[in-house]
Structure formats: structure tokens, C-alpha cells
């Protein structure tokens with residue numbers, strides 16, 4: 001009640017006080033955050049909004065005063081909808097850009113009740129400056145996605161906005177309004193997973209929260225950031241995005257495993273998930289799509305000893321017809337078990353297999369070298385592969401023969417005690 005009495009006093013200062021009292025009242029009101037205004041009773045809040053409207057209507061005021069009033073109305077948010085006409089007035093040409101930007105932000109916070117501001121906001125988007133960025137954010141907050149808005153935002157997106165922050169804000173608005181644009185998801189997921197700027201990564205996570213969770217890379221990118229981003233704030237924002245998509249970590253892992261064929265980031269997300277990902281990856285080994293089985297085996301191998309529960313499934317996968325899948329399974333088994341008994345024979349079979357690369361000379365070379373490298377990493381425990389490697393040391397391809405000779409040296413070296 002005491003706090004609300006203070007609000008009443010501020011209203012009195014605005015309505016009847018001198019300029020110093022008005023400035024102090026505005027300063028105090030500006031200190032209140034959105035959550036502070038949420039608990040204010042409607043009659044008290046309405047009197048505050050009415051008084052602020054009166055200040056905007058009552059003659060010329062310094063730009064700083066207009067900016068403070070707009071900021072206060074923006075913090076009040078949806079409940080300041082009666083002030084929308086006055087906020088729109090602050091968007092007009094001739095008003096200082098800092099005031100116009102604050103007014104645009106306020107209109108975005110008012111949300112759907114500020115649809116009358118769509119046309120002037122669209123006009124601001126033509127500036128390709130920070131003013132346009134604030135207008136774009138406001139359009140996303142208002143939630144209007146009619147054809148004019150779609151066309152304007154897509155054109156802005158395709159125009160290569162001069163600043164990366166501006167581009168991200170356009171992306172957020174597009175995602176909020178469910179507007180598809182070429183390259184949008186790729187831009188956001190790349191920024192989130194590998195961007196160097198903490199603020200841009202946070203903004204990318206915020207944008208992805210409004211996307212379809214079934215779109216490839218959306219959930220993998222968010223899960224990767226949640227589990228592994230170097231910045232705690234980014235991790236929290238990414239976690240908040242998963243919460244908004246109503247996904248627990250277990251649900252996100254299952255979705256990543258499902259997206260293995262189409263997502264470039266699913267493997268990374270599953271690796272970051274550690275033991276939680278093992279059941280989903282084991283299930284993925286039994287899927288029909290070869291690329292799913294290949295990536296699942298590869299990811300299990302990257303998890304090493306954590307994936308011991310997958311040994312039986314990976315051993316069964318050694319019987320696959322697909323050479324790449326068999327190779328991935330063999331390498332995974334070695335990483336998990338460090339036992340050569342099943343792995344080395346499987347690698348030798350692949351080394352001696354004919355038709356593994358369908359006559360493609362370069363593909364054959366790469367595949368053979370990959371198999372030889374796997375044997376080389378096993379070291380002395382791969383002694384059963386010596387005859388096959390001796391044969392490969394005479395291979396007509398110089399790179400293959402050199403790799404085989406190097407592997408023989410490594411395998412012949414004394415085992416570490």
C-alpha cells in the first residue's frame with residue numbers, strides 16, 4: 001500500500017507540481033521495472049498512464065522528458081494501451097531518433113493492442129538504421145503478420161542489414177511472427193553454436209525459441225548451447241528456449257536422435273548430452289536410414305566408455321553391408337572397450353573388401369587410409385592385421401602404401417607397460 005501511495009504522490013507531482021517535482025516523479029517512475037508494474041491495482045495504474053498521456057499532450061517538452069515517459073509506458077506494457085496514440089506521435093519525423101526508438105520499444109511492449117502503430121513502424125523500417133531495428137522489434141512484439149509486414153521484414157532480411165545485431169533482431173521478429181525466410185534458421189543456429197559475440201548468441205537463442213521444434217538444427221543448436229556454451233547467460237537463455245518449446249533434456253535428446261539424418265548439429269548435441277543420449281543412440285542404430293546408423297555409431301564412439309551399454313548393438317552392426325557404417329561401428333567399439341578381439345578382424349575385412357567404393361579411385365584411397373589409420377591407433381594390439389597391412393604396403397597408390405608402412409611400424413612398437 002505504501003508503494004501505491006508513492007505512485008499517487010508521483011501523479012500529483014506530474015499534474016500539479018513544478019518542473020523540478022515533475023522531473024523527480026518521472027525519474028522515480030522510470031526506476032520501476034515491468035515486474036513492479038504488474039502488481040499495481042488497475043485504478044492506480046490508470047491514473048499514472050493518464051497523467052503520462054497528459055504530459056505528452058500538454059505543450060512542448062524537452063526530448064529527454066518524452067523519452068522518459070515513453071520508457072515508463074513501455075515498462076507498464078499492455079496496460080498502457082490507452083497511450084498508444086501519444087506513443088505513435090513520438091514516431092513522427094522530426095522527433096529525435098532516441099525518442100522514436102524508445103517509443104517504438106514501448107509500442108512493442110504494449111503488444112497486440114498497438115496495431116494502429118503498424119503503418120508508422122513499417123515506415124521506420126525503411127531507414128536501415130538502429131531506428132529500423134527498434135521498429136522491427138516492435139512489430140514482433142505487436143504480433144501483426146499481415147502481408148505488408150511479411151513483405152517488409154523479408155525484404156529487410158534479404159537486403160543484408162548493415163549490422164549483425166540488426167540482422168538478428170529482424171530474425172527474432174520473423175521467428176515470432178512465424179514468417180519463413182531463406183537462410184533464417186541457418187543464420188540463427190550458426191550464430192548460436194559458433195558465434196563469437198555473447199549478445200548475438202543470446203539473441204539467436206531467443207529467436208529459436210519461437211521456431212518449430214521439428215525444424216532441423218533448432219533443438220540441436222539450443223541443446224548444444226544449453227550444455228556447452230562458455231557464457232552462463234547464453235546457457236540460461238538457451239535453456240529458457242527449450243522450456244518455451246516444452247522440451248526436457250530427455251525430450252530434446254530424442255528429437256536430436258530423430259533428426260540425425262537431416263541436422264548438421266545433432267551429433268554435437270548428442271555428444272554434449274553424454275550418458276543421457278546413449279539409449280536414443282542405441283535405438284538409432286536400428287533405424288532404416290543408413291545415415292542415421294552411421295552418425296549414431298560415430299557419436300557412440302565419441303562418447304567412449306560412457307557408451308558401454310551400446311557394445312552389443314555395435315557388435316551386431318559389424319555385420320552391416322554398408323562399409324562406412326561397419327567402419328564407424330568398429331572404431332566406436334575400440335573407443336568404448338579398448339578390446340581388439342572383434343575390432344581388428346572387422347577392420348581387416350574392410351581393408352580387404354572389394355567394391356567398397358564402387359571403383360572411385362579417390363574414394364577408395366580415402367577409405368583405405370581411414371581403415372589403416374584406425375588400425376594404427378590400436379597399435380600393438382592390432383598385430384592380427386600385419387599380413388593385410390604388409391600387402392597394403394605394396395599398394396599401387398603411394399598414399400595408401402605409405403600409410404600401411406607407418407601403421408606396421410606403430411603396431412610393431414613395444415606395447416606400453
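For the range 180-223, a tally of residues being part of a loop (DSSP other than H, G, I, E, B) and surrounded by fewer than 18 Cβ atoms within 10 Å (Cβ to Cβ) returns 8. Residues that are buried (at least 18 other Cβ atoms within 10 Å of the Cβ) and part of a loop (DSSP other than H, G, I, E, B) were ranked within the range 160-178; the one that is nearest to the chain's Cα centre (by Cα) is 177. For the range 147-159, a residue qualifies if it is touching a residue at least 24 places away in the same chain (Cβ under 8 Å) and either over 17 Å from residue 132 (Cβ atoms) or loosely packed, with under 15 Cβ neighbours inside 10 Å (or both), and the qualifying residues are 148, 158, 159. Considering 397, 335, the condition of being modelled with pLDDT of 95 or more and touching a helix residue (DSSP H, G or I) at 6+ places or on another chain (Cβ under 7 Å) is satisfied by 335 alone. Given the criterion at positive phi and surrounded by fewer than 20 Cβ atoms within 10 Å (Cβ to Cβ), identify the matching residue among 394, 338. Result: 338 is the single residue among 394, 338 that is at positive phi and surrounded by fewer than 20 Cβ atoms within 10 Å (Cβ to Cβ).
The values are calculated or read from the model by the stated rules, or taken from the named source; none is laboratory data. From a predicted model like this one, the values you see are computed outputs, not experimental measurements. FYI the Cβ positions are ideal-geometry reconstructions off the backbone, even for glycines, and counts take in every protein chain you see.
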